[in-house]
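The values are calculated or read from the model by the stated rules, or taken from the named source; none is laboratory data. Predicted, not measured: the structure shown is a model, and the values here were computed from it. Here the Cβ positions follow ideal geometry from the backbone for every residue, glycine too, while neighbour counts run over all protein chains shown. Surface areas here come from the heavy atoms of the whole protein model, side chains and all, with no ligands, DNA or RNA. Shrake-Rupley method; radii C 1.70, N 1.55, O 1.52, S 1.80 Å.
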Amino acid sequence: MLSAFDDYPYHQIADHFDCAGSSDHRFFDRYWWVAYDPENRAQVNSGLGVYKNMNVLDGFGTILLDGQQHNLRTSRAWRPNVGRIGAGPLDYIVKEGLKSFRLLLEPNDFGVSFDMHWEATLPAFDEPHHRRHINGVLHEDYRRYYQFGRVNGWAEAQGTRIEIVDWFGFRDRSFGVRPSVGGPPPPTPPAPVAGGRVTSVISGMAFACDDGTHGSVQIQEDDSGRTVYSGGKLVRRDGDGWREMTIDGATVDIGLVPGTLKPTALNFDFTAGGDRYELRGTPLSDGFVYQGYGYYNGYWDQRGLGAWRGDGIVEGETYDVSDPSSVRDISGRVTFPAVLPHEYPLAITLNGAAGMADSMVGFTGPHPRYRPQG
């Protein structure tokens, strides 16, 4: 389809700008934003993805306040309005790339809204490329970059307005092919009987210290406890510029409340630039449940992110997340699996230097250390 974007000299393939270079239905192009109150009164998260090969754009806005997670999700046909970064009441405005953005969620029937101005305070940086095959079948092939900033504006949940003044801001952009988006995959031969079948534990942290040192680290382990992905970047001041260093030899220890999968600590050790680092994180709240974003079949139709579910879809609900081991949808519509991936704001130290971080801790399958019973 021809669009106004075809008048810009930025094509990557011999086709119109709305076409992807891959025919894989899982091809995605995604935004992710967080705004965390350093005093832990509230947190706001939002994300949006385009799935060109499915002709779908979907997104979400969530607010965590007083033990409740207020969710709104939306989805629409991406074409012909490919120039709008938004759907339903949700819109993103890129004021200046890599620097300045506005995130807007208009008032709606689900009582979740915000108007936030996100300004970069540190340079964006890439994480290592993700590419993996399982049993010879492409599992993932995508790129992601990160950036930290400050957020100002307001957010409102069920009539309670929160003024946002210089909150911790983090965002990522990712694009390529990844699992569990765009609808169910086509049938493929079965994976190995034991080990290497599924990603069972994902632990990651994007961190920024008060002295400007920042970076990201992520470890993925399969159901045999084997590390299938480990990588990250550390970025430090170097004169008038910045020095990026690859993180090597990363290990993680996830502290848990006894008898539960509720984290009490997320601790990484790694080497970067020849030096050894200790990254220590403590959750500041009970965290967001990923279902509210639409992940893990979080949409009401349980078809996952990027699936075609019709045009002009807007839905939402409120979760009680005050007890992470027993999350419930107050409306009773949504049910939850026994294990829920969470996203947590963290207070961190990196070799003693204080800061904040955004983290994901997901126990998504059996694991010999954390879920020996499956």
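Examine the range 174-197 for a residue that is surrounded by fewer than 19 Cβ atoms within 10 Å (Cβ to Cβ), touching a Ser or Thr at 6+ places or on another chain (Cβ under 7 Å) and β-branched (Val, Ile, Thr), and state whether such a residue exists. No, the range 174-197 contains no residue that is surrounded by fewer than 19 Cβ atoms within 10 Å (Cβ to Cβ), touching a Ser or Thr at 6+ places or on another chain (Cβ under 7 Å) and β-branched (Val, Ile, Thr). Selection over the range 244-260 of residues that are under 19 Å from Pro368 (Cβ atoms) and among the charged types (D, E, K, R) gives a count of 1.
Being of a type in the set (Gly, Ala, Ser) and exposed (fewer than 15 other Cβ atoms within 10 Å of the Cβ) is a description that applies to Gly159. Filter the range 311-361 for residues that are open to solvent by less than 30 Å² (accessible area, probe 1.4 Å) and of a type in the set (Asp, Glu) and give the result. Across the range 311-361, the qualifying residues are Glu315, Glu317, Asp329, Glu343, Asp358. Pairs only if they're at least six apart or on different chains, beta carbon under 6 angstrom, first in the range 289-315 and without any contact (Cβ under 8 Å) to a residue 40 or more places away in the chain, second outside any strand (DSSP E or B); list them, first residue then second. Final answer for the pair search is Asn297/Gly304; Asp301/Arg309.
Going through (1) basic (Lys, Arg); (2) without any contact (Cβ under 8 Å) to a residue 60 or more places away in the chain; (3) within 19 Å of His367 (Cα to Cα) one by one, Arg236 falls short only on (3). Strands (runs of 3 or more DSSP E) fully within the range 24-139 that include at least 1 residues being open to solvent by 40 Å² or more (accessible area, probe 1.4 Å), touching a His at 6+ places or on another chain (Cβ under 9 Å) and free of Cβ contacts under 8 Å to residues at least 24 places away in the same chain: 90-96, 100-105, 130-134. Asp269 meets all of the listed conditions (1) within 25 Å of Phe148 (Cβ to Cβ); (2) assigned to a loop (DSSP other than H, G, I, E, B); (3) free of Cβ contacts under 8 Å to residues at least 24 places away in the same chain but one, namely (2).
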